[in-house]
Amino acid sequence: MKILLPVDGTELSLHETRFALQLVQSGLKASFVLANVQEPASFYEIITAQNPALIEDAAMEAADDLMAPSARLLRDAGVPFETAVVSGDPAQAMRELIEMHRCDMVLMGSRALGPIRRLLESASVSRQLIDDSPVPVLLVKPPQG
């Protein structure tokens with residue numbers, strides 16, 4: 001089973017990665033696509049950039065830094081994974097990664113929102129993926145704090 005594991009370098013991302021490792025340690029045979037979605041360059045950045053490749057290089061470097069803690073956990077556990085960095089709308093980018101890497105599932109975090117904020121933020125990335133993903137989406141609740 002190939003699982004898309006989007007991460008952003010936060011403690012919540014590490015929690016999701018640890019949960020993914022628990023699944024593997026419980027017997028799930030899986031490999032992972034560790035993914036990070038970068039915000040596209042702004043119009044101003046594109047216009048003022050002396051060298052547009054520098055913007056892309058900076059985004060790739062940032063993504064590598066954000067994925068490093070989760071990658072370290074997977075590597076230390078001996079779990080196979082590959083990395084993917086994309087830019088754009090996060091939900092759309094993840095749907096494209098699902099197709100491109102032929103993922104069977106998405107494992108991602110869910111922020112603990114109250115009922116009112118949940119209604120107001122119905123367009124969250126996790127909600128969009130639940131609604132539009134061609135594969136199952138497993139939401140990992142944040143740790144009890």
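Could you tally the net charge around residue 73, taking each other residue with its Cβ under 11 Å from the Cβ of residue 73, Lys/Arg +1 and Asp/Glu -1?
Local charge sum for residue 73: +1.
Which FRET efficiency value, to the nearest 0.05, is calculated for residue 22 and residue 135 with the Förster distance at 25 angstrom and r the Cβ-Cβ distance?
Given R0 = 25 Å and the Cβ-Cβ separation, E is 0.80.
Taking H as built 1.01 Å from N, whose amide H comes closer than 5 Å to the amide H of residue 31, not counting residues under 5 places away?
Residues meeting the criterion, in which the H sits 1.01 Å from N, are 2, 3.
With θ taken as phi - 60° and the coefficients 6.51, -1.76 and 1.60, list the Karplus ³J(HN,Hα) couplings across the stretch 10-26 in order, rounded to whole Hz; mark glycine and proline as x.
Result, rounded to whole Hz: 7, 4, 4, 4, 5, 4, 5, 5, 4, 5, 4, 5, 4, 4, 5, 5, 8.
Each value in this text was obtained by applying a stated rule to the coordinates, not by laboratory testing. Note that the structure is predicted; figures quoted are calculated from it, not measured. Heads up, the Cβs are rebuilt from the backbone with ideal geometry, glycines too, and the neighbour counts pull from every protein chain shown.
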